[in-house]
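Below is one structure; the comments refer to it alone.
The values are calculated or read from the model by the stated rules, or taken from the named source; none is laboratory data. All of these numbers come straight from a predicted model, not from anything done at the bench. Counting neighbours? That spans all protein chains shown, and the Cβs are built from the backbone with ideal geometry, glycine included. Just the protein is used for accessible areas: all its heavy atoms, side chains included, with ligands, DNA and RNA removed. Shrake-Rupley method; radii C 1.70, N 1.55, O 1.52, S 1.80 Å.
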Amino acid sequence: MNAARRPAMASFGFAGFVPLIACFVMVIFMMLPLGTGAANIAMPNLALISVFYWLSSRPILMPYGACAVLGFLLDLWLDVPMGLNMILLLLTRLFVLNQLKHYKGRSRLVHWVIFAVLSLGLYLLSWLLISLVYGTMLPPEPLALQWVITVFSYAPVGFVLGRLRRAAM
Amino acid sequence: MLVAIALLAFEWIGSGVPHQIRAYANDFVAPVLRVLEQPIRAVQAGLERIAGVSDIYLENETLRDENDRLRQWREAAMQLSRENERLRGMLKVPGREVPPAATTRVIGVGGGAFERSVLIGAGSSDDVKRGSPVVDETGVVGRVIQVGRWTSRVLLLTDINSRVPVRLERTGDLAIAEGQNESLLRLRFLPQGVQVKVGDRLLTSGHGGAFPPDLPVARVVDVVDDFILLEPLGLLGKLDYVRVMAYQPVPEEVIQPEAPAGGEE
């Protein structure tokens, strides 16, 4: 009975928490002053890349609760409206769980393209939501730039996460 | 998902998470950021050193010349300062010097593509207060918007919510330097007919009481009709150490008599 109540992550031991820890580290990395100022835009959305990667490879280890907590911390630490990143990461999980059957086992290039399309939709949504909260249409250029950087960063970050996955699981 | 939508709705109606909770949340992550930034700073410093080795001789020559010039300026400045002090004393005008509350390092960035803010390693334990102006060695950087115990968040001049009352140094005309969430600021509400030139400097006017007067803010880089773009003088692209000024915002009605309308200074 108790075992049935335990989260799936716990049944894998420490390895079960690797995705969550990796995503948490990515959240912290997004706050580092790598160049400062410009880095606000030039910093890829490492948390989104990491959550998508783990959901595509080990969805059971990245439950809704974990996505919500990561989103909450991102909102709190990046000082963006609360709920924004929570919604984005939860939608990412919803999307992956519904579409994974179509691209599971396909090449990395396919994963990359799917990530690009998904993140474009999420960035558009975040632009609309943030404009709604601020009560003014924000210039879309910085967001478009960050989307491009995030998409191009998917391959190297995915490579690092892949090495971590092979080493830990 | 419902919780997330509810939180966003609260932000929309303006009753989101209080600033203080966000500020204390930053205190929790600050020690991790401090540890992680060490190797990054070391790598950045190493790369800058490697890049600088090739022109070190030329730079040395330039610095010697500059040093000679600065010595002369220093003498002149000290003489003027003494004279200024004496005159202020005679006229009973209070001094304008603002002491620093804290000098600290930028330990984190925030906002993603939506906001231009940085996290600094000084908080209420260092006498940092909400609204305090923040400067670096070249100009105004922004102002403190959240104060935790050991960290504070600084809203940069480039943020879309940033508005700084400024004065055109050459003519004394008043205007507002507005952030656009991009690297350049926009100059707005300048009186009609004022001729602005590329290269003109803008200083804080002191109006509104948020910033002390005469701090360097930005330089004009582009003028197309009424669309005037400014480049911040503070090195917002590579902030390292910043100074939080121990300046208490003053109500406007107290400042108004001291700062007459533009063009008279």
(request) Kindly indicate whether A:Leu164 is away from every other protein chain (no Cβ under 14 Å) and touching a helix residue (DSSP H, G or I) at 6+ places or on another chain (Cβ under 7 Å). (result) yes
(request) Find the residue count for the range B:1-35, including only residues that are part of a helix (DSSP H, G or I) and either at pLDDT 80 or above or open to solvent by 60 Å² or more (accessible area, probe 1.4 Å) (or both). (result) 20
(message) So, in the range A:93-109, exactly how many residues are farther than 21 Å from A:Cys67 by Cβ and open to solvent by 100 Å² or more (accessible area, probe 1.4 Å)?
(response) 3
(request) Return yes when B:Val147 is open to solvent by less than 10 Å² (accessible area, probe 1.4 Å), closer than 20 Å to B:Glu115 by Cβ and of a type in the set (Val, Ile, Thr) and no when it is not. (result) no
(message) Within the range A:38-99, considering only helices (runs of 4 or more DSSP H) that don't extend past its boundaries, which have at least 2 residues that are of a type in the set (D, E, K, R) and within 30 Å of B:Val147 (Cβ to Cβ)?
(response) none
(message) So in the range B:191-240, with the set limited to residues that are more than 14 Å from chain A (Cβ to nearest Cβ) and of a type in the set (D, E, K, R), which one is farthest from B:Gln180 (Cα to Cα)?
(response) B:Asp214
(message) For the range B:36-81, give me each residue that is within 22 Å of B:Lys238 (Cα to Cα), open to solvent by 90 Å² or more (accessible area, probe 1.4 Å) and under 26 Å from the mean Cα position of the chain (by Cα).
(response) B:Gln38, B:Glu48
(request) Report, by residue number, each residue of the range A:68-84 that is touching a strand residue (DSSP E or B) at 6+ places or on another chain (Cβ under 6 Å) and not charged (D, E, K, R). (result) A:Leu78
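A quick yes/no check of all residues on (1) more than 11 Å from chain A (Cβ to nearest Cβ); (2) of a type outside the set (A, V, I, L, M, F, W, C); (3) buried (at least 24 other Cβ atoms within 10 Å of the Cβ):
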{"position": "B:Pro99", "(1), (2), (3)": "yes, yes, no"}
{"position": "B:Ala122", "(1), (2), (3)": "yes, no, yes"}
{"position": "B:Asp126", "(1), (2), (3)": "yes, yes, no"}
{"position": "B:Thr151", "(1), (2), (3)": "no, yes, yes"}
{"position": "B:Leu156", "(1), (2), (3)": "no, no, yes"}
(request) Please state which of the following conditions A:Phe115 fails to meet, knowing it meets all the rest: (1) open to solvent by 20 Å² or more (accessible area, probe 1.4 Å); (2) in contact (Cβ under 8 Å) with a residue 60 or more places away in the chain. (result) (1)
(request) Select from the range B:112-123 the residues that are in a strand (DSSP E or B) and either closer than 19 Å to A:Pro81 by Cβ or of a type in the set (Ser, Thr, Tyr) (or both) and list them in ascending order. (result) B:Ser117, B:Val118, B:Leu119
(message) Suppose we filter the range B:124-152 for residues that are over 12 Å from the mean Cα position of the chain (by Cα), of a type in the set (D, E, K, R) and either at pLDDT 90 or above or assigned to a loop (DSSP other than H, G, I, E, B) (or both); how many remain?
(response) 4
(message) Residues that are at the interface with chain B (Cβ under 10 Å from one of its Cβ atoms) and under 19 Å from the mean Cα position of the chain (by Cα): does the range A:129-136 have at least one?
(response) yes
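Listed here are the residues, each with its yes/no results for (1) more than 24 Å from A:Val18 (Cβ to Cβ); (2) outside any helix (DSSP H, G or I); (3) hydroxyl-bearing (Ser, Thr, Tyr); (4) open to solvent by 20 Å² or more (accessible area, probe 1.4 Å).
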site	(1), (2), (3), (4)
A:His111	no, no, no, yes
A:Gly121	yes, no, no, yes
A:Leu125	yes, no, no, yes
A:Leu138	yes, yes, no, no
A:Trp147	yes, no, no, yes
A:Ala155	no, no, no, yes
A:Gly162	no, no, no, no
(message) Can you report the number of residues in the range B:175-188 which are crowded, with 21+ Cβ neighbours inside 10 Å and either within 21 Å of B:Asp225 (Cα to Cα) or more than 10 Å from every other protein chain (Cβ to nearest Cβ) (or both)?
(response) 5
(message) Looking at B:Pro212, B:Pro191, can you tell me which residue is open to solvent by less than 70 Å² (accessible area, probe 1.4 Å), modelled with pLDDT under 90, over 30 Å from B:Glu48 (Cα atoms) and touching a Phe, Trp or Tyr at 6+ places or on another chain (Cβ under 7 Å)?
(response) B:Pro212
(message) If I go through the range B:105-127 residue by residue, how many of them are touching a Phe, Trp or Tyr at 6+ places or on another chain (Cβ under 7 Å) and among the hydroxyl-bearing types (Ser, Thr, Tyr)?
(response) 1
